[in-house]
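Each remark here refers to the structure printed beneath this line.
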Ligand code: SF4
């Protein structure tokens, strides 16, 4: 499908087609442009130049080791204090059991984050990574947000690079990208006061990349931020990616409005989600992969997003808590069959990927039809 590209976007189209970088003013103009189909077409062209007609998914399993947290970010519906009846923490043997079960059904990645627990010692986390890796070294461990790493470094009384190196030696494969929220301080203070600054978030990922590690990164959008704040956020990610090349992908996260203190009633509209993904594809020219996160946007819209710049629909997940406690009404899991069908219907070749977005299996047309 191709759409008429208005004059105001032709210059940006020429730049991206020539492999030239668009700047922040271009990105803002694109976000403000009301012609979603034209924007989507530019993003789709850019995506196809990088990823051809492939779109990926991963067989992964989420779990949270605990929701106890010493912070109280205003937007967070997940964290609990020790006095709360619905607080929880998983013992390491229970995590190992979940890992074994995941492995038995073909899961390749465990995605594990938690709150900043008030009393668990640093040794608990090193034992957790060691024990989980011992289940099977092929099971890729994608764990901890930047704020958790800062908390763990504080517990260990060691510099962040030293703590990261220790976790890497124990088998940590990737950091998660969570916790970036919005970098602009004025907004960050209103949604996540007390959390790490933008500089601290970027420094943790920089240190991890310097050790040879890879990670994803995120942006929480659709709350109190302006469109300019989204551009500013992506600018800082693009700059770090220029420096390290360590980000595997970018995952914009649509804000969920329930059970928190932020005075916003609705999650972003479908229009807003698609334009944000499209602009991310065009502006983040040094990122190979842009993920349509079905947990926040629903699988139907994630499928549509494959024609608006996204090339990945994330994974099976199995047990998501953070978005669902904030009101997401999406299912708790996707089956591989559903993801393959969604990707194939969108006219793409489904590719099962690993944590690093490396292909595990590419489904030909006939195979995908049979699977779906
Ligand atoms: S967002 Fe993370 S750090 Fe903030 S309160 Fe929730 S669990 Fe704690």
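Where a number appears in this text, it was derived from the coordinates with a stated rule and is not lab data. Remember, it's a predicted structure, so these values are computed and weren't measured experimentally. Cβ sites come from the backbone with ideal geometry, for glycine too, and all protein chains shown count toward neighbours.
Some observations on this one:
- Rg followed by Dmax, in Å, when region 129-274 is reduced to its Cα trace: 16.1, 46
- Considering only 170, 253, 152, the mean-square fluctuation computed in a Gaussian network model of the chain, springs between alpha carbons under 10 angstrom, is largest for 170.
- Cα→Cβ-extended label distance, 7 Å offset, between residue 185 and residue 103, nm: 4.7 nm
- Principal semi-axes in Å for region 106-179 [√(5λ), Cα gyration tensor, largest first]: 20, 13, 11
- Within the listed set 280, 310, 25, the residue fluctuating most in the Gaussian network model of the chain (springs between alpha-carbon atoms under 10 angstrom) is 25.
- The calculated pair-distance distribution of region 7-371 uses every alpha carbon pair, bins of 10 angstrom beginning at 0, and gives 5, 25, 36, 25, 8, 1, 0 percent.
- Across the chain, the relative contact order, built from alpha-carbon pairs under 8 Å that are at least six residues apart, equals 22 percent.
- Here residue 24 and residue 48 are evaluated by their C-beta separation; at R0 = 30 Å the FRET efficiency comes out at 0.75.
- Calculated FRET efficiency for the pair residue 84/residue 4, C-beta based, R₀ 51 Å, to 0.05: 0.40
- If both residues of a DSSP beta bridge must be in the chain, then about 10% of such bridges are antiparallel.
- Backbone N under 18 Å from the residue 154 label point (7 Å along Cα→Cβ), restricted to region 113-136: 114-126
- Overall Cα dimensions of region 289-366 - principal axes, largest extent first, Å: 38, 23, 22
- Inter-probe distance in nm under a simple model that places probes 7 Å from Cα toward Cβ, at residue 300 and residue 137: 4.7 nm
- Which of 226, 335 has the fewest Cβ neighbours within 10 Å, and the rest in rising order: 335, 226
- Only helical runs count toward this figure. For the chain, summing -39,500 (n - 2.57) over DSSP H runs of n ≥ 4 and dividing by all residues gives -13500 deg cm²/dmol at 222 nm.
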